Amino acid sequence: MYNFALAFVICAAVYLIGEAVSNFTKAWIPSVFVTAAVILVGYWTVLPQTFISDSMLIPFGSTIGMYLILVHMGTVISIKQLVEQWKTIVVCLAGLAGMCALCLLICPMIMDRSFVIAGLPPLTGGIVAATTMMNAAQEAGLAEAAVFAIVMYCMQGFAGYPLTAVCLQLEGKKLLKDYRAGGVKTEKVSNEVDENSGNLVTASAKKKLIPPMPAKWNSAVMILGKMGIVVWLASMLGTWVVPVINMKISGAIWALLLGILFTTIGFLDESALNKSSSYGIIMFALMMYIFDGLKDCTAEMLLSIILPMVELIVIGVVGMAILCFVASKILKTSFLMSFATALTALYGFPPNAVITENTCTALAETPEEKEYLMSKMFAPMIVGGFTTVTITSVIIAGIFAEML
């Protein structure tokens with residue numbers, strides 16, 4: 001009775017279990033952690049080791065699927081928002097620099113170097129960084145390092161969620177104290193966010209170099225076809241040795257950069273995969289490809305990597321806090337808010353939006369107070385997630401993959 005269709009159903013079932021728990025706990029327990037745990041226990045008990053590959057999702061998710069997601073990320077980034085939140089971007093970059101620097105300085109002395117290299121990019125970002133490092137580790141024959149990258153991606157949120165909640169609670173109380181004392185005005189803030197990308201919804205009516213395609217011609221296949229052209233260009237550029245630095249730049253990085261460029265000039269649609277109603281299935285395939293790497297993880301292997309994982313997270317967060325503090329003093333911004341935005345590297349969207357809004361709701365006593373808190377904290381948290389997870393972690397992963 002078991003075939004590719006039933007294997008697909010099993011993949012969907014374990015994925016839905018993760019989503020259900022995440023929704024029930026309002027993202028405090030991340031869906032990726034739950035799904036990974038269910039699959040891991042399944043591998044050790046009743047699920048066949050090949051059920052994900054049997055579903056036929058891997059060939060798509062591991063190749064064109066991953067590149068389409070990267071290009072899509074470029075189509076949802078608003079350059080205008082990034083410019084307006086430049087201090088947030090600087091602070092986040094400083095935090096990631098501190099995380100990488102302290103981990104590279106200390107961690108090789110207390111754990112295997114391959115764990116440090118494979119684990120840092122997922123710690124600074126999301127699924128693309130984890131996929132990149134898993135592939136690099138597997139190609140280098142480092143099975144434990146490949147599993148370490150996946151487990152790091154699944155577990156990092158448990159450090160980020162409580163720390164962010166504390167920072168936002170303390171920052172919110174300070175803001176409310178000033179607000180209640182008088183002398184401050186609320187600013188209208190958009191709290192509409194694309195449910196998949198985390199991009200703040202804005203009404204941008206700027207004319208672009210390439211005019212939009214008529215709706216009757218702009219079908220889902222047309223949108224995906226245009227994205228495919230950009231993916232092809234990125235894959236070709238990924239084989240090119242850049243003269244100035246005398247090294248190749250990962251095709252993943254090119255896909256993100258070209259996604260931004262071609263959206264800016266109008267060749268690609270904004271939020272392209274959502275517009276083509278393709279985001280869900282592509283992300284599903286990519287996530288299943290990631291989780292397939294867990295089939296090599298035995299109980300003994302998991303026990304052997306728990307301590308290095310905790311050490312890497314603790315040292316990384318300390319390094320992030322140190323440089324966030326320095327940057328916040330230089331830029332004259334709140335350290336609590338600066339640290340909270342940098343911590344988005346550990347979970348990204350949608351938890352950054354959920355935690356921020358829940359904090360504002362819990363602290364505010366009136367709708368006006370909530371509006372004020374949202375105007376101060378929501379946009380920086382969303383832009384922070386873009387800076388860390390969507391952009392910088394992809395670049396870091398591209399660099400670190402070469403180091404393995």
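Values in this text are rule-based calculations from the coordinates and carry no lab data. Computed from a prediction, not measured in an experiment: that's the story for all the values here. Quick reminder, even Gly has a Cβ in these numbers, built from the backbone with ideal geometry, and neighbours come from all protein chains shown.
Over the chain, dividing the summed -39,500 (n - 2.57) contributions of all DSSP H runs of at least 4 residues by the number of residues returns a 222 nm mean residue ellipticity of -22000 deg cm²/dmol. Considering only PHE284, PHE378, PHE24, the mean-square fluctuation computed in a Gaussian network model of the chain, springs between alpha carbons under 10 angstrom, is largest for PHE24.
Taking amide H as placed 1.01 Å from N in the peptide plane, the amide H of LYS248 sits under 5 Å from that of VAL242, each at least 5 places away or on another chain.
Averaged over residues, the count of other Cβ atoms within 10 Å places the peptides 166-173, 111-118, 7-14, 237-244 in the sequence 111-118, 166-173, 7-14, 237-244, highest first. Converting phi to 3J(HN,Hα) with the Karplus coefficients 6.51, -1.76 and 1.60 and the offset θ = phi - 60°, segment 56-66 yields 6, 7, 5, x, 6, x, 7, 10, 5, x, 5 Hz in sequence order, with x at every glycine or proline. Protection proxy ranking for 137-150, 45-58, using the average of other Cβ atoms within 10 Å per residue and placing the highest first: 137-150, 45-58. Sequentially through segment 17-22, phi angles give Karplus couplings (6.51, -1.76, 1.60; θ = phi - 60°) of 4, x, 5, 5, 5, 4 Hz, Gly and Pro residues having no value and appearing as x.
Exposure proxy shown here: for VAL41, VAL230, the number of other Cβ atoms within 10 Å sets the order, fewest to most, as VAL41, VAL230.
Farthest toward the positive end of the dipole of segment 5-121, out of ALA101, ILE29, THR63, is the Cα of ALA101, where the dipole comes from beta carbon charges about the Cα centre. Residues LEU303, LEU258, LEU96 in ascending order of nearby Cβ atoms (within 10 Å, fewest first): LEU303, LEU258, LEU96.
Each of VAL91, ALA130, VAL46 was scored by the projection of its Cα onto the charge dipole of the chain, and the greatest displacement toward the positive side belongs to VAL91; charges sit on the C-beta of Lys, Arg, Asp and Glu. Around the Cα centre of segment 260-325, unit charges on the Cβ atoms of Lys, Arg, Asp and Glu (plus for the first two, minus for the last two) sum to a dipole of about 140 debye.
The string of couplings for segment 387-404 from the Karplus curve (6.51, -1.76, 1.60, θ = phi - 60°) is 4, 7, 6, 6, 9, 5, 5, 5, 5, 4, 5, x, 6, 5, 4, 5, 6, 6 Hz, one whole number per residue in order, with x for Gly and Pro. With just the Cα atoms defining each centre, how far is segment 51-108 from segment 222-268? Give it in Å. Each part's Cα centre sits 15 Å from the other's.
The Cα atoms of the chain give a gyration tensor whose axes a ≥ b ≥ c have a/c under 1.5, which makes the shape rounded.
Arranged by the count of other C-beta atoms within 10 angstrom, fewest first, what order do MET227, MET134 take?
Ranking MET227, MET134 by Cβ neighbours within 10 Å, fewest first, gives MET134, MET227.
Of LYS248/LYS295; LYS177/LYS370; LYS207/LYS275; LYS87/LYS174, which sit over 24 Å apart, Cα to Cα? The pairs that break the limit, which is 24 Å between Cα atoms, are LYS248/LYS295. Computed over the chain with a Gaussian network model linking Cα atoms closer than 10 Å, the most mobile of GLU19, GLU311, GLU365 is GLU365.
Taking a sphere under 15 Å around the Cβ of ASN218 and counting the other residues whose Cβ falls inside, with K and R at +1 and D and E at -1, yields a net charge of +2.
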